[in-house]
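What follows is a single structure, written as structure tokens, with notes after it.
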Amino acid sequence: MNDHVSTTKKAAPGREGRPIGRFGVAAAPGGLRFIQDLVNTALAEQPAPKPDLLATPDAASTWLREALDEWAEATGMPAPVIDLGPFDLGPLRDHRELLRAVLRAAPVDAPAPGGDSLLPVSSRDITAKALITVTADGQARYEPLESGWRAIRALTSLETLLAQATGTWPRLKTCAYATCGVCFYDSSPNRSRVWHDTRKCGNVTNLRASRARKHTN
Ligand SMILES: [Zn+2]
């Protein structure tokens, strides 16, 4: 199966009725999927078996064009024009990891993602500039006011605001397995998922925890 984000557009809906994106996870609803698409440009651990789509300007621009098309389709708004240069990639990857840390799911009965976590806990605020327009017929639109990676930061910030207003934000999570960090949308009734794939990431973590317990006992 082609790993690229472009496969999401034509992908058949998954069990939850939403398109399946990279790493086999169902897309978050509406424009929130843009945050998910950004985080899932790479796994937490680098180098990872899957390529980082933000590794080069060409790859990042291709990813962004397709992610913005998905966003436009999901929101019914025109895709903003955002150009990425070579100097945008470092800050954009940092922003991705900041979001991954903010969204990290906390396992209940498994080791906390401190310890061997590769990720810093987010310790800084995110500030962005956006333009909000309410049209004469009462439709609200939003778009980034900045350029380059800052425009992406603005769009993820706007989607965070909207998701918090509509109640979908607590369902957007990144996998608790420290080296994975895949971003998934938790549709479970009690919002209890912590792994993007229980068989892959849950089992390996539980196995480690049980080995550690045996070691200390
Ligand atoms: Zn995972």
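We did not get these values from a lab; they are worked out from the coordinates using the rules stated. Quantities reported herein were computed from a predicted structural model and do not represent experimental measurements. Reconstructed Cβ throughout: ideal geometry from the backbone, glycine too, with neighbour counts over all protein chains shown.
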Q) Between D58 and D137, 0.36 nm times their residue separation minus their Cα-Cα distance comes to what? A) 24.5 nm
Q: Could you grab the Rg to Rh ratio for segment 18-72? Cα atoms only, Kirkwood for Rh.
A: 0.96
Q | Loop GluC sites (Glu not before Pro), segment 21-79 (other Cβ atoms within 10 Å of the site Cβ: 15 or fewer; DSSP) | A | E45
Q. Taking the convex hull of the alpha carbon atoms in segment 137-206, what volume per residue do you get, in Å³?
A. 116
(Q) At 7 Å along Cα-to-Cβ for each site, give me the label-to-label distance between M77 and L207 in nm. (A) 4.5
Q) How far apart, in nm, are the 7 Å Cα→Cβ label points at T166 and A130? A) 1.2
Q: Give, as ranges by residue number, the residues of segment 152-174 whose backbone N falls under 11 Å from the point 7 Å along Cα→Cβ of E146.
A: 152-157
Q. Taking 0.36 nm per residue of separation and subtracting the Cα-Cα distance, what length does fully extending S192 through F87 add?
A. 33.9 nm
